[in-house]
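Structure first, commentary second.
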Amino acid sequence: MRLQLLALLAKEPAHGYELKQALEQIFGDAYPSPNIGQIYVTLGRLEKDGLVRSVDVEQSNRPNKKVYFCTAEGREALLEWVDEPTEGPRVRDEFFMKLVLAPMTGIADRMALINRQRRHYLGIMRDLVELAQRTDQDNRPAQLLIEGAMLHLQADLDWLERCQEDLA
Amino acid sequence: MSMVSTPPALRTVNLVKIYQTGGLPVPAVRGVDLTVRPGEFVAVMGPSGSGKSTLVHMLGGLDTRTSGEIWVEGTRADTLGESAWALLRRQKIGFVFQFFNLVDNMTVADNVELPALLVGASPKHARERRDYLLGELGLSGKADAAPAQLSGGEQQRVALARALANQPQVLLADEPTGNLDSRNTKDVLRLLGEVHRQGQTIVLVTHDARVAGLADRVVTLLDGQIVDDGAVLSARRRPKSGAGDVVELRG
Ligand SMILES: Nc1ncnc2c1ncn2[C@@H]1O[C@H](COP(=O)(O)OP(=O)(O)OP(=O)(O)O)[C@@H](O)[C@H]1O
Ligand SMILES: [Mg+2]
């Protein structure tokens, strides 16, 4: 989450809770809801590394709040992040390992493994379809995130079909 | 209290199709037992050549079976002749072909109105239904076009509109989103959801997991046989799932 927070802070200074809200608002329900504790831990680390700094802002009849802002070094790190190519899709290999190895030990049948995995993927797809319907149509980042998840799942299902044709 | 049990919308018993073209017989469907309850939405999946089209064609009486039985709403149908099947389809079954089969020398509007007119609906009713379906599928602007002037995805949606014109009790569809992009697939998904809510029975062949995710049940074919048949359940209450698990945001 480091660079996502850094990017938001490069846009404008904010305190921890505002960052949580911004992430939720931009990415919608498809985004794994960030935990506020995790956000503060990450901000602490960013600060220790000199990528952000904070100032205490006094509030009337409330405790001070810490507002974070991005440093020049932080901007540098952000630029590097944006410039470097992003990893391609990793092969989700845990299921594949099961599929290849488990039948060798006699503890599972390939056909049954594949069928169960297909139902699981379709169940996730069902949830995504519902999520897409519930999510504001005008929230493009959130809709595209869901669409991306759907396309990844479709690829996983197609691969599963190939496995079933060739292995089962 | 007495229970009146309604017969299945569709049922097959040990259904077999062997194509005999030239020399070698090709077994396309090999002993399929399938029961579809009224109002159920069943997706049929499986690799290319696994017999999906052959199966739904037989369910719609568009291809003859080699052996086994087909029942439509409690009536034996595999023994019907061509004209009796045609009548049954007109009254009860909407069919979407994998390769559209639109009537080329009729406009889109006429293609969609035809099934309703054939069963004796009033022209006014047929027109209203056509307007509704074309509107739902984003095709209102194409009503006067000829099928040949449309893209593959547009023709596919017209074929779906035509199949739904009579609000058939059973919708059989072979890859109805095969040629559609994401946005048009959404329109089709919405309409299928609507059709399902209205209680029509749907048996739909698809490779598209979004379409299959709408179904109550997924049947998987491999080499002409059913290798899996079960409900599609939400994954949400199971651990470690959801969009966050599929798309990993990096950083
Ligand atoms: N008219 C035909 N004559 C001879 N063989 C046929 C005929 N139609 C289909 N087949 C064969 O029957 C098998 C099943 O074909 P079918 O069209 O049902 O597959 P499918 O699952 O619909 O595939 P796809 O996903 O590619 O549409 C294939 O081996 C195919 O070659
Ligand atoms: Mg086919």
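The values are calculated or read from the model by the stated rules, or taken from the named source; none is laboratory data. Everything quoted here is computed from the prediction, not taken from an experiment. For neighbour counting, all protein chains shown are included, and Cβ atoms are generated from backbone atoms with ideal geometry for every residue, glycine included. Ligands, DNA and RNA are excluded from the accessible area calculation, which covers all protein heavy atoms including side chains. Shrake-Rupley method; radii C 1.70, N 1.55, O 1.52, S 1.80 Å.
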> So what's the Cα pair-distance distribution over chain A, bin width 5 Å, in %?
Replying inline: 1, 7, 13, 13, 12, 12, 11, 10, 8, 6, 3, 2, 1, 0
> For chain B, what is the charge dipole size about the Cα centre, in debye to the nearest 20, if Lys and Arg each add +1 at the Cβ and Asp and Glu each add -1 at the Cβ?
Replying inline: 540
> 222 nm [θ] for the protein assembly as shown, helices only, -39500 (n - 2.57) per DSSP H run of 4+, per residue, to 500?
Replying inline: -15000 deg cm²/dmol
> Out of residues 5 or more away from B:Tyr19 or on other chains, whose amide H comes under 5 Å of its own, with H placed 1.01 Å from N in the peptide plane?
Replying inline: B:Val26, B:Ala28
>> If I fit a long axis through the Cα atoms of helix A:110-134 and take the longest principal axis of the Cα atoms of chain A, what angle between them do I get, 0 to 90°, rounded to 10?
In response: 40
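Note down the relative contact order for chain A as a percent, whole number, built from C-alpha pairs under 8 angstrom at least six residues apart.
Rounded, it is 24 percent for chain A.
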>> Just to be sure I understand: with springs between alpha-carbon atoms less than 10 Å apart, which residue in B:Val13, B:Val32, B:Val211 has the highest mean-square fluctuation in the Gaussian network model of chain B?
In response: B:Val13
> ³J(HN,Hα) across region A:74-81 via Karplus (A = 6.51, B = -1.76, C = 1.60, θ = phi - 60°), whole Hz, x for Gly/Pro?
Replying inline: x, 4, 4, 4, 5, 4, 4, 4
> How many square angstrom of accessible surface are buried between B and A, both sides summed, with a 1.4 Å probe and rounding to 100?
Replying inline: 3400
> When only Cα pairs under 8 Å and 6 or more residues apart are kept, what is the percent relative contact order across chain B?
Replying inline: 26
>> Give the average, rounded to an integer, of partner chain Cβ atoms located within 10 angstrom of each Cβ in A:146-152.
In response: 5
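How big is Rg to Rh over region A:2-83, alpha-carbon atoms, Rh as the Kirkwood inverse-mean-distance radius?
That ratio is 0.98, to two decimals.
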>> I need the per residue convex hull volume for the protein assembly as shown, using only the alpha carbons, in cubic angstrom as a whole number.
In response: 250
> Carbon and sulfur atoms: what percent of the 1.4 Å accessible area of the protein assembly as shown do they account for?
Replying inline: 51
> Is there a simple number for the mean count of other chain Cβ atoms within 10 Å of the Cβ of residues in B:212-222, and what is it?
Replying inline: 4
> Which FRET efficiency value, to the nearest 0.05, is calculated for B:Ala84 and B:Asp104 with the Förster distance at 30 angstrom and r the Cβ-Cβ distance?
Replying inline: 0.65
>> Under the rule a/c < 1.5 gives rounded, and otherwise a/b versus b/c splits prolate from oblate, where does chain B land using the Cα gyration tensor?
In response: rounded
>> Checking a compactness column here: for region B:82-218, what do you get for Rg(Cα) / (2.2 N^0.38 Å), N being the number of residues?
In response: 0.97
> Quick one: accessible area per residue over the protein assembly as shown, 1.4 Å probe, rounded to a whole number of Å²?
Replying inline: 51
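I need the peptides B:107-117, B:226-236 ranked by packing, meaning the mean over residues of other C-beta atoms within 10 angstrom, with the highest value on top.
Details: B:107-117: 21.5, B:226-236: 16.5.
Top to bottom by mean Cβ count within 10 Å: B:107-117, B:226-236.
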> When the dipole is taken about the Cα centre of the protein assembly as shown, and only Lys, Arg (+1) and Asp, Glu (-1) are charged at their Cβ, what size is it in debye, to the nearest 20?
Replying inline: 980
>> Please list, in order, the residues from region A:1-43 whose amide nitrogen is less than 15 Å from a point placed 7 Å along the Cα→Cβ vector of A:Val55.
In response: A:12-15
> Out of residues 5 or more away from B:Ala121 or on other chains, whose amide H comes under 5 Å of its own, with H placed 1.01 Å from N in the peptide plane?
Replying inline: none
> At A:Lys98 and A:Gln21, where each label point lies 7 Å from the Cα along Cα→Cβ, what is the point-to-point distance in nanometres?
Replying inline: 4.1
> When chain A is modelled as a GNM with alpha-carbon springs shorter than 10 Å, which of A:Ala72, A:Ala14, A:Ala132 fluctuates the most?
Replying inline: A:Ala72
>> Compute the angle between helix A:16-27 and the longest alpha-carbon principal axis of chain A, please, reported from 0 to 90 degrees and rounded to the nearest 10.
In response: 40
> Which whole number gives the average count of other chain Cβ atoms within 10 Å of the Cβ atoms across peptide A:104-115?
Replying inline: 1
> Taking the Cα centre of each part, how many Å lie between region B:136-173 and region A:1-59?
Replying inline: 49
> Where is the GNM fluctuation largest for chain B (alpha-carbon springs, 10 angstrom cutoff): B:Gly120, B:Gly31, B:Gly178?
Replying inline: B:Gly120
